[in-house]
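Remarks on the structure that follows.
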Protein chains: 2
Amino acid sequence: MAATVTLSDVAREAGVSLATASRAINGSANRTVREDLRERVLAAAARLRYSPDANAQAMARGRTTSLGLVVHDIADPYFSSIAAGVSAAADRSGLAVTLASTRHDQTRERGLIEVLQRQRARAIIIAGGRTDDDALNAELRRALADYRAGGGSAALVGQPVLGVDTVVIDNADGAAALARALHGLGYREFAVLAGPAGHLTARERLDGFRAGLAESGVALDPANVIGCAFTRDGGYDGMQDLLRRRGSVELVFAVNDVMAVGAMAAARDAGVDVPGELAVAGFDDIVTLRDVTPPLTTVRVPLVEVGVAATELALAPPSDEPRLVHVEATVVLRASTPPRHPSNGNGAGSAS
Amino acid sequence: MAATVTLSDVAREAGVSLATASRAINGSANRTVREDLRERVLAAAARLRYSPDANAQAMARGRTTSLGLVVHDIADPYFSSIAAGVSAAADRSGLAVTLASTRHDQTRERGLIEVLQRQRARAIIIAGGRTDDDALNAELRRALADYRAGGGSAALVGQPVLGVDTVVIDNADGAAALARALHGLGYREFAVLAGPAGHLTARERLDGFRAGLAESGVALDPANVIGCAFTRDGGYDGMQDLLRRRGSVELVFAVNDVMAVGAMAAARDAGVDVPGELAVAGFDDIVTLRDVTPPLTTVRVPLVEVGVAATELALAPPSDEPRLVHVEATVVLRASTPPRHPSNGNGAGSAS
DNA sequence: TTGTATGCGTTATCAT
DNA sequence: ATGATAACGCATACAA
């Protein structure tokens, strides 16, 4: 910080007091600075190329102008879409976004929250689903409670288990609707790439899918529920497992799109035609899907809007009770799950 | 900011002076606090759940702990990969990343730099290629010079036209190598989805491609150079244009991958088989490409590493002259550009 | 309306 | 080694 020009310099240059300079440059609460003075100040500021120090302002005002965003991996289209929404909404509120990434290590979340707290971020948005690790959740809960006690507000995208405002995606309903839709298309034999054990989003989607199937009178064979990482490579590996010991499965539901896309790659590499030999469906409707082949059936989550909603939630006046904003997930049928066993008419690969 | 615990509180609780508390909690320059005292302080801090105020520290120390990143669109895989690299490198240096997005409006870049300057970010990374708008560049140049005069350092990913350290991607060489490789595969009739007029990255890639072709004795018909936006939709629209008035084009080179992917979608929607009827190549090798069909030939740019390099450049001790780090771009041939007119042997669609 | 003086939370300088 | 105390750059309560 070499020759930084301060507000005092501007005041001197303009021949006014520090206070007047301050009031002229931002519009102080109890307004009014005589027009000629204000102009002198602004002119001086411009001449000196004055740049207000946000840190000093933060100290003096007692609040910063920044908002924290915690993601697992910014290169994942799921998170980058949410980030785009958060960024847009923060912009509108004149807030700068501080991006913190766990790099897929949940245990780092706590530390990131603390960093954001040290920065006195006005609000923290945590994207990415929770796990059922109670100890970890308790820790986070406490970190967030602390943070909020200091005047910050937080919002979560996922499951409302941290005691803060939460944007809740209707995973179960969406997955159930998907199951019904697929059943309606004629599918009867399913497998699920179910993600990791403790992952709540994965679980909700699996459970919802299973429930939707049950409604249609179809049971999901536990042997066809395959655990794997919640990533593209997890989907790839899971699909390999499945193909190795495939029974009569007609359709594979991956609990998120990046996994589904990985699964399709595995099928391709194994020479299994999608959807000819095996249909695939995902969840999220990440933008990438526009350009995969075949177009992937999925359950759409409006990710950018989710980011906006989380930001607005976090920025809204605080409430006593954690608020919940529900976001619907809607089935989008595409070519990766063509109709099968049509009730009347001819089908592909059915009958004798 | 309700009941924020300050360092004074901690000092009082520990029965030491403010100064000692400060020294105990971070390791002050001239080290040493008696062990028992240090422990008392740390215990008190933990008991009170003390969280240092980064803004106050920034004021006192004269330097912040944050790094700014300017992108056009964080949801674009090109930028999100660079962001991942920047984020990782910043992490290693204990810096928090402030994400600023132009939302595809170049004129906003200037304002974003100013915001970052106000935050007194230690360094600013600007991702995304330059244009040939001299007025705009001069403005940015000045904004950056100002910022650097204040002690900040900046690094750019793109063309070294702003007077700051720059990570330069060998666009021309990469594109030329691609042209030669494609010529080697037997292609003779090319079209280019060339991006917008003033875009330097687009221009370098176009020029490089043209030069590579020329080396091989092939001329690029100006009528087959199609201007369009530097986005997926730009590629889609450009391809539509091309298909409408297609002559004998065998291969379409889109100057970046998202455009190429859009172009493939347009071809698909128009019922044109890729690569059967028309081959396609892109540039960047964004991660998305793993999962498009057919696999896209491209020129690989190590985006995450580029982000890391830019960050390291910006964080390195300042130098008088702007430094340049060159990053090679390497051709990756995939199924979207199968061999054609093989010199000896049988080819597809060649000869009579 | 304008100016003066104080405080924000921390580090660093200077005594002790 | 520890403790007062002066910055850091700005906003604001209060005085004029």
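Where a number appears in this text, it was derived from the coordinates with a stated rule and is not lab data. Note that the structure is predicted; figures quoted are calculated from it, not measured. Backbone-built Cβ (ideal geometry, glycine too); neighbour counts: all protein chains shown.
Counting only other residues whose beta carbon sits under 12 Å from that of B:ALA127, what net charge do I get with K and R as +1, D and E as -1? Write down the numbers at each step before the final one.
Values: positive: B:ARG130; negative: B:ASP73, B:ASP76, B:GLU109.
That works out to -2.
Run the numbers on the range B:205-352 and let me know its relative contact order in percent, using alpha-carbon pairs under 8 Å that are six or more apart. All intermediate terms of the calculation are to be shown ahead of the outcome.
Details: 190 pairs, mean separation 25.8, N = 148.
Once normalised by length, the contact order is 17 percent.
Consider just the alpha-carbon atoms of the range A:227-337 and return their Rg together with their Dmax, both in angstrom.
16.9, 56
How large are Rg and Dmax for the range A:123-204 when only the alpha carbon atoms are used, in Å?
Taking only Cα atoms of the range A:123-204, I get Rg and Dmax of 16.4, 55 Å.
Can you find, among A:SER101, B:GLY85, B:ALA45, the residue farthest towards the positive end of the dipole of the protein assembly as shown? Put +1 on the C-beta of Lys and Arg, -1 on that of Asp and Glu.
B:ALA45
For the range B:163-261, calculate the relative contact order in percent as a whole number, restricting contacts to Cα pairs under 8 Å that are 6 or more residues apart.
Numbers: 150 pairs, mean separation 34.4, N = 99.
This gives 35 percent for the range B:163-261.
Students often check this: by mean Cβ neighbours within 10 Å, which of A:61-67, B:50-56, A:84-90 ranks highest, and how do the rest follow?
Values: A:61-67: 18.6, B:50-56: 21.0, A:84-90: 25.4.
Order by mean packing, descending: A:84-90, B:50-56, A:61-67.
Using a label point 7 angstrom from Cα along Cα-to-C-beta, what distances in nm, from shortest up, separate B:GLY227 from the other copies?
Ordered by distance, the counterparts are at 5.8 nm.
Between A:ARG92 and A:ASP320, what length comes free when the chain is fully extended (0.36 nm per residue of separation minus the Cα-Cα distance, one decimal in nm)? Before the final figure, lay out each step's value.
Working: separation 228, 0.36 × 228 = 82.08 nm, distance 2.55 nm.
Full-extension gain reported as 79.5 nm.
Determine, for each peptide in B:181-188, B:282-289, A:229-236, B:69-76, the mean count of other beta carbons within 10 angstrom over its residues, then list the peptides with the highest first. All intermediate terms of the calculation are to be shown ahead of the outcome.
On the way: B:181-188: 19.0, B:282-289: 25.8, A:229-236: 22.4, B:69-76: 24.1.
Most protected by this proxy first, the peptides run B:282-289, B:69-76, A:229-236, B:181-188.
Quick one, what does Rg over Rh come out to for chain A if you take C-alpha atoms and the Kirkwood Rh? Write out the running numbers ahead of the final one.
Numbers: Rg = 26.0 Å, Rh = 22.8 Å.
Result: Rg/Rh = 1.14.
Where in the range A:186-269 are there GluC sites (Glu not before Pro) that are in a DSSP coil and have at most 16 other Cβ atoms within 10 angstrom of their Cβ? Don't jump to the answer; show the numbers that get you there.
Details: sites: A:GLU189, A:GLU204, A:GLU215, A:GLU250; in loops: A:GLU189, A:GLU250.
Passing both the DSSP loop test and the Cβ count: A:GLU189.
Which net charge results for the neighbourhood of A:SER101, defined as the other residues with beta-carbon distances under 11 angstrom from its beta-carbon, given Lys and Arg at +1 and Asp and Glu at -1?
Working: positive: A:ARG103, A:ARG108; negative: A:ASP73, A:ASP76, A:ASP105, A:GLU109, B:ASP91.
Every neighbour counted, the sum reads -3.
At 222 nm, what helix-only mean residue ellipticity would chain B give, in deg cm²/dmol to the nearest 500, using -39500 (n - 2.57) for each DSSP H run of four or more?
On the way: 12 runs with 150 residues, N = 352.
For chain B, the value works out to -13500 deg cm²/dmol.
If I model a spin label as a point 7 Å beyond the Cα along the Cα-Cβ vector, how far apart are those points for A:ALA149 and B:THR6 in nm?
Result for the modelled spin labels: 1.9 nm.
So what does the Cα-only Debye profile of the range A:96-152 read at q = 0.17, 0.25 Å⁻¹, as log10 I(q)/I(0), no solvent term?
Taking Cα atoms of the range A:96-152 as identical point scatterers yields -0.52, -1.11.
Could you state the principal axis extents of the C-alpha atoms in the protein assembly as shown, from the largest down, to the nearest angstrom?
Principal-axis extents of the protein assembly as shown (Cα, largest first): 86, 65, 51 Å.
Charges at C-beta only: +1 for Lys and Arg, -1 for Asp and Glu. How large is the resulting dipole of the range B:1-95 about its Cα centre, in Debye rounded to 20?
Details: 11 positive and 9 negative charges, 97 e Å.
In total the dipole reaches around 460 debye.
If I model a spin label at B:SER216 and B:LEU37 as a point 7 Å from the Cα along the Cα→Cβ vector, what separation in nanometres do I get?
Going from the B:SER216 label point to the B:LEU37 one covers 7.4 nm.
Mind putting a number on the dipole of chain B about its Cα centre? Charges go on the C-beta only, +1 for Lys and Arg and -1 for Asp and Glu, and I need it in Debye to the nearest 20. Display every interim value, and only then the final one.
Working: 36 positive and 41 negative charges, 246 e Å.
It comes to approximately 1180 debye.
Compute the distance in nm between two label points, each set 7 Å from the Cα along the Cα-to-Cβ direction, one at B:ASP207 and one at A:HIS104.
4.0 nm
Output the antiparallel fraction of DSSP beta bridges having both residues in chain A, as a percent to the nearest 5.
Expressed as a percentage, antiparallel bridges in chain A total about 10.
Between the range A:249-267 and the range B:97-170, how far is it from one alpha carbon centroid to the other, in angstrom?
A separation of 41 Å, based on Cα centres.
Using the Kirkwood radius built from alpha carbon pairs, what does the Stokes-Einstein equation give as D for the range B:169-233 at 20 °C and 1.002 mPa s, in µm² per second?
Details: Rh = 11.8 Å.
The Stokes-Einstein estimate is 182 µm²/s.
Over all directions, what mean area does the Cα convex hull of the range B:1-141 project, stated in square nanometres? Present the calculation step by step, with values, prior to reporting the outcome.
Numbers: hull surface 44.4 nm².
With the hull built on Cα positions only, its mean projection is 11.1 nm².
Within a Cβ distance under 14 Å of A:GLY150, other residues only, what is the Lys/Arg minus Asp/Glu net charge? Provide the component values of the computation, followed by the final result.
Values: positive: A:ARG63, A:ARG118, A:ARG120, A:ARG122, A:ARG142, A:ARG148, B:ARG49; negative: A:GLU114, A:ASP146, B:ASP9, B:ASP53.
That sum, taken over residues with Cβ under 14 Å, equals +3.
Considering only the label points, 7 Å along Cα→Cβ from Cα, what distances in nm to one decimal separate A:ALA135 from the same position in each other copy, shortest first?
Spacings between copies for this position, smallest first, are 6.3 nm.
Please state the relative contact order of the range A:1-103 as a whole percent: Cα pairs under 8 Å, 6+ residues apart?
On the way: 104 pairs, mean separation 22.9, N = 103.
The normalised contact order for the range A:1-103 reaches 22 percent.
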